[in-house]
Amino acid sequence: MVRRRGTYQIKIRDKQLVCLFCQHEEFLHREVYIDLNPLDETVTDQLTLQSFSCPSCGDIQMFQEKNRFDHTLQKHVSIIEYTEVIKE
C-alpha cells in the first residue's frame, strides 16, 4: 500500500470530488492493491484502487486509476488530479 502524505483536493475527470456525507472537499490518499484470483486459480492480475478518505467524517471512496488522451498535450494522462492542500 502506498500513501501520499498530506491532504489533497481531488478532481476526477475534471470534476471536484466531494464527500457524499459531509460535503468536505479535502481527502487523505492511499493506494490499495487487490489480487484477482478467479475461481481459486493462480493470481493472474492485480487491481489498483486509489482510496480517498474524508478527514472530517471518515467516509472512504475508491476509484480505479485510468488514463485518458489529452488532445492539448497529445499524450495519455491520469483521470485523477491531486492538488495538495497546504494549511498555514
(message) Show me, for the stretch 78-84, the HN-Hα J-couplings you get by feeding each phi into the Karplus relation (A = 6.51, B = -1.76, C = 1.60, θ = phi - 60°), rounded to Hz, glycine and proline as x.
(response) 5, 6, 9, 10, 10, 10, 6
(request) Determine the gain in length on full extension of the stretch Met62-Tyr33; use 0.36 nm per residue of separation and subtract their C-alpha separation, reporting nm with one decimal. (result) 9.3 nm
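Using the C-alpha atoms of the chain, what convex hull volume per residue, in cubic angstrom, is computed? Each step should come with its number before you reach the end.
Working: hull volume 11.9 nm³, N = 88.
Per-residue hull volume (Cα only) is 135 Å³.
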(message) Suppose a student asked you for the relative contact order of the chain, using Cα pairs under 8 Å spaced at least 6 residues apart; what percent would you report?
(response) 30 percent
(message) Quick query: amide H of Leu17 versus all other amide H atoms, modeled in the peptide plane; which residues come in under 5 Å with a sequence gap of 5 or more or a different chain?
(response) Ile10, Lys11, Ile12
(request) Per residue of the stretch 66-75, in order, report the coupling 6.51 cos²θ - 1.76 cosθ + 1.60 (Karplus, θ = phi - 60°) as ³J(HN,Hα) in whole Hz, putting x for Gly and Pro. (result) 9, 10, 10, 8, 8, 6, 5, 7, 6, 7
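None of the figures in this text is laboratory data; all of them are computed from the coordinates on show. Bear in mind the structure is a predicted one, so any value in this text is a computation, not a measurement.
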